[in-house]
Amino acid sequence: MKLHWRPSPRAEGRGAVGRKAARPAVVSAAALALFLLGAGLQYSLAVWLGAYTTLSRDAVNGISFAMEGVWFLLAGFVLSFLGRGYRPLENLIASAVFGAVTFFVLRALKPPSFSYDRFFASTGELVVWSLAAAAASWLLAMWGASFGMLIGANGHVDPRVRYEWGIARTHLRLNRHSALLLALLGVLPPGLFYALGIAASFRDPHQRPLVHPLHILFMVAVVLASLTVIGKWIQHRAQIARLQPGQRRKRPATVVMTGISVAGVAVGVWALTVVLSVMSGFESDLKRKILGTNSHALLLKYSADFSEWRSVIPKVAAVPGVAGVSPFILNEVILSHGQTVTGAELKGIDPATAGAVSELPRQVIAGELGWLSKPQDIPGTDRVVEPRGEAAKQLGGPEYEQYLEDTLKRRQAHPEESQKLDPEALRNLPGICIGKEMSHQLRAWVGDVVNVLTPLGEMTPTGPVPRSRPFRVACILYSGMYEYDSKFVYIGIPEAQRFFKMGENIVGLELKFADVDAARALGRRVVAALGGFPYRTKDWAELNRNLFSALKLEKLAMAIILTFIVLVACFNILSTLIMLVLEKTKEISILKSMGARDASVMKIFVVEGLTIGAIGTAMGLLLGLASCSFIEKFGLQLDPDVYYISNLPVNVDGAQFVMVAAISLALSYLATLYPATKASRLSPVDGLREE
Amino acid sequence: MAPLVEAREVHKSYWLGEKEIHVLRGASFSLAAGEMASLVGPSGVGKSTFLHVIGTLDPPTRGSVLFDDRDAFAMTEEELAAFRNRSIGFVFQFHYLLPEFTALQNTSMPGLINRQPREQAEAQAKEMLEIVGLEHRLEHKPGELSGGEQQRVALARALVLKPRLLLADEPTGNLDEATGEGIHQLLVELNQRLGIAAIVVTHNPRLAERMPRRLRLTEGMVVEV
């Protein structure tokens, strides 16, 4: 089959009648003006959002650049009408000039660098950005122009796709039977996953076995077997309904390829949604645990003197958006109990207000946070305080009961631990709360006496001597973060001030905001309310920057890698469509001889590609959703010593699913453009010369 | 009165590798509205090419094709498509029906391309299928029709929008004599009934004889017989 992959000679000569296309210079100038306007729009939007909203900088950048991208698409769309076609050359000239302008504007603006060892972007970096701006403007404009061409930018606007859809449907062999088959294929595996998850959630949560690879294999085999049986059945039914006995239906290669394309997109979307959900599960789990122990932001002072904090608290609390304020003191100490010694971060807190800024009171698994200020209430060592509360339930199990039994035995075997002091002095010892891991390390439970030692001791003629004081364990905390449970210990503010000889000073105030994600902007607001310097705030993202940057980068990297899977799947669509165009050359010619416009032929193949993409995306999303629900309900176990999370976390984020669907559909659309454009440019006689 | 269609010094050549093949060498002719002509000539002489050029499917290398004194190839792609849709009907040697659609759907396609509502397009199609005598085959797909029936559907599809010119490229070439005879009879009948001008390419001298006007294509030129 001979094909003429070039526009018919007619294409250049025509256009004498009807609306005229704008001249190249006009198109280029208009394109440049629109591009520059778009960049200006992005810049002013970013400035405005930064000044008048509490959005984070990432969100501001994301929104403003997304708007610029949409603007470029629209610009390409408008230009396709002005230029009566794609006009790639004129757009390229405009993009090149736009890139050059961007470079000089950026150099004048001195934007911050992406690299950490530089404040301002270097010339090399600016060149890269300008090139990216030029390339993006051209690609987006071409993309936008394709929409214009599709609805007839070179003539009358006609967005209808009625008969085009009918023809596309026959190319894809979409009829009642295949639609039913697709619906079954799309719903059954996710349904199976969902049902398995439901069944798994009825098990006793404490008896979860680790997943055996054989189980997974078995499940996959069951899914495949049931799919094969259903497929055979449908095929059988279709054959009985349509064909004579002994007659075999011919199935063109393109039908098989269409199926493969749909499956490819589905698998890509599936992988993308599941992996992103798990990653965001890790992120939100980490965020929840970090924000359970830490506040949303710290109010600090560029000075050691923070004695006026009592008068600052009401001022801070009055700032709109601030949900809680509590003072704190932080210092490093050494803890010892019996023969065991461990380093710790000692935090002085106000037990009455600590609950307003963190989840501390809800992390108590034994004892009372309130005993920090009323140490007389701490029970003696003659009995073991039983674990309680929500956090304690998560521990559960025989292992923990053993630990408590051992504690009692230890106390009976070594009564001298608590008998060094007379009972009255013992009762008056200040309280201290320690994490669960530290409790294990020190082998100290509620009521035990631990020694706290600070290296910042008295200066004596022989040099500095560390100062130490005994404390009685008032409560055990469990946050779920190994680091926190093994490092942080808490005492009351007055005790800490006395212990570190700070007088009336504190280190700072812990703040909690109504909106976590606006922490940075609200922090600035608090500092402004206090009159600025010497006050400053540090938000949680800043304090845990390493962790969250790593997670964000990891998530971005995964998203990019998996988007490539979808991209590869879209190459399937591309090749399927090219095959279809080759197969349907004759049909295209017939349609053209009947008066179908070029734009209509283009629409047929774009609609086909989009249908393949949409079906695959829908299947993938359903599979992803069902897999996430399965992972959540089944609870895939992780090694808790490594991850400190017992189950693989998943966070099904609607916005993420919408984003994945949008990416997949956008890529499917892009994949259709080449074959669709080629099909529309086929000369009507190309398919008629055969035979 | 200006003729319906006029070809002026039409040249058409193809490149086969390095070699230029001149198919049409200044073919000229004109056809009045409602007129019917047969076109004969040996195989490979360029009858199909001539028909494609007249039917605005293929632009000539040189020369012009005029409809009502208007240069067809000066139109934009969109105008040309609309013109083909409204004013020209094609019938080919092979029926070229869309295999997945029924006779009725195939026949309503030109109406749908013209963006008529489905009901209107199907009503017109039904009417035209009745005229060609296929009112009992509306819901059959091309694969379920005989050769003669397929060609009748193709004819109905070409004529459904009442074009002014019908171009038939060996419409009976693939059929047995009796069936071909029937199709030919139908063509003549429709020409008289609907007043549609027609050029019919044929190899059958008996059928060509019966046309009011007879043309022959030799050495890239059109001559009256």
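What's the center-to-center distance, using Cα atoms, between the range A:543-607 and the range B:175-196 in Å? Using only Cα atoms to place each centre, the spacing works out to 48 Å. With charges set only on the Cβ (+1 for Lys and Arg, -1 for Asp and Glu), what does the dipole of the protein assembly as shown come to about its Cα centre, in debye to the nearest 20? Once rounded to the nearest 20, the dipole reads 1520 debye. Spin-label pair residue A:108-residue A:128: with each label point 7 Å from Cα along the Cα-Cβ axis, the two points sit 2.5 nm from one another.
In terms of the mean number of neighbouring beta-carbon atoms within 10 Å, the peptides A:265-277, A:214-226, B:160-172 order highest first as A:265-277, B:160-172, A:214-226. Beyond 35 Å, the tail of the calculated P(r) for the range A:295-543 holds 19 percent of the Cα pairs.
What the Cα convex hull of chain A gives, in volume per residue, is 211 Å³. Rolling a 1.4 Å probe over the heavy atoms of the protein chains gives the protein assembly as shown an accessible area of 48 Å² per residue.
Based on C-alpha pairs under 8 angstrom that are at least 6 apart in sequence, chain A has a relative contact order of 21 percent.
Counting, for every residue in B:106-116, the Cβ atoms of other protein chains within 10 Å of its Cβ and taking the mean gives 4. Against the longest alpha carbon principal axis of chain B, how many degrees, from 0 to 90 and to the nearest 10, is the axis of helix B:177-194 turned? Between helix and principal axis, roughly 90 degrees.
Packing here is the average count of other Cβ atoms within 10 Å per residue, and on that basis the peptides B:38-47, A:613-622, highest first, run A:613-622, B:38-47. State which entries of A:289/A:552; B:19/B:47; A:586/B:47; A:603/B:47; B:12/B:47; B:126/B:162 exceed 23 angstrom in Cα-Cα distance in the structure shown. Violating the 23 Å limit, Cα to Cα: A:603/B:47. Where the centroid of each part is defined by its Cα atoms, how far is the range B:137-166 from the range B:77-117 in Å? Each part's Cα centre sits 10 Å from the other's.
Subtracting the Cα-Cα distance of residue A:413 and residue A:636 from their residue separation scaled by 0.36 nm leaves 76.1 nm. Computed extension gain for residue A:462 through residue A:260, at 0.36 nm per residue and net of the alpha carbon distance, reaches 64.5 nm.
For chain B, the share of accessible area belonging to carbon and sulfur comes to 49 percent (1.4 Å probe, ligands and nucleic acids excluded). Can you list which of the GluC sites (Glu not before Pro) found in the range B:1-45 are DSSP loop residues with at most 16 other C-beta atoms within 10 Å? For GluC sites (Glu not before Pro) across the range B:1-45 that sit outside H, G, I, E and B with at most 16 neighbouring Cβ atoms in 10 Å, the list reads B:18. Once every DSSP H run of n ≥ 4 in the protein assembly as shown is given -39500 (n - 2.57) and the sum is divided by its residues, what mean residue ellipticity at 222 nm do you get, rounded to the nearest 500 deg cm²/dmol? That comes out to -18000 deg cm²/dmol. For the range A:580-606, which residues drop by 30 square angstrom or more in accessible area between the chain on its own and all protein chains together (1.4 Å probe)? Buried on complex formation: A:587, A:590, A:593, A:594, A:595, A:597. On the accessible surface of the range A:18-158, probed at 1.4 Å, how many percent belong to carbon and sulfur atoms? The nonpolar share, carbon plus sulfur, comes to 76 percent. Rounded to the nearest 5, the antiparallel percentage of DSSP beta bridges internal to the protein assembly as shown is 70%.
Between the amide H of residue B:4 and those of B:31, B:32, B:33, distances stay under 5 Å, these residues lying 5 or more places away or on another chain, with hydrogens modeled in the peptide plane. Across the range A:363-378, computed HN-Hα scalar couplings (Karplus, 6.51 cos²θ - 1.76 cosθ + 1.60, θ = phi - 60°) run 8, 5, 10, 7, x, 9, 5, x, 5, 4, 9, 10, x, 5, 7, 5 Hz from first to last residue, x flagging Gly and Pro. Given +1 at the Cβ of Lys and Arg, -1 at the Cβ of Asp and Glu and no other charges, the dipole of the range A:80-178 around its Cα centre is 420 debye to the nearest 20.
Sparse packing (at most 15 other Cβ atoms within 10 Å of the Cβ) combined with a DSSP loop state is found for the following trypsin sites (Lys or Arg not before Pro) in the range A:249-312: A:249, A:250. For chain B, find the longest principal axis of its Cα atoms and tell me its angle to the long axis of helix B:103-113, 0 to 90°, nearest 10. The angle comes out near 60 degrees.
Chains B and A together bury some 3200 Å² of accessible area, summed over both sides, with a 1.4 Å probe. Rg and Dmax of the range B:32-173, both derived from C-alpha coordinates alone, stand at 15.7, 47 Å.
Along the range A:503-517 the Karplus relation, 6.51 cos²θ - 1.76 cosθ + 1.60 evaluated at θ = phi - 60°, assigns HN-Hα couplings of x, 9, 6, 10, 7, x, 10, 8, 10, 10, 10, 5, 10, 4, 6 Hz to successive residues, with x for each Gly and Pro.
Taking chymotrypsin sites (Phe, Trp or Tyr not before Pro) across the range A:95-187, the ones in a DSSP loop with at most 16 further Cβ atoms lying within 10 angstrom of their Cβ are A:114, A:116, A:119. Legend: helices of chain A (whole DSSP H runs) are marked when their alpha-carbon atoms reach 18 angstrom or more along the helix axis and their mean Kyte-Doolittle hydropathy is at least 0.0; marked are A:24-52, A:57-83, A:88-109, A:123-150, A:176-201, A:213-242, A:253-293, A:545-583, A:598-634, A:654-681.
Its relative contact order, with pairs defined as Cα atoms under 8 Å and 6+ residues apart, puts the range B:155-225 at 30 percent. Maximal additional length on extending the residue A:61-residue A:120 stretch stands at 19.5 nm, based on 0.36 nm per residue less the C-alpha distance.
The values are calculated or read from the model by the stated rules, or taken from the named source; none is laboratory data. The model shown is predicted, which means the values in this text are computed figures rather than measured ones. FYI the Cβ positions are ideal-geometry reconstructions off the backbone, even for glycines, and counts take in every protein chain you see. Protein only, heavy atoms only, side chains kept; ligands, DNA and RNA dropped before computing areas. Shrake-Rupley method; radii C 1.70, N 1.55, O 1.52, S 1.80 Å.
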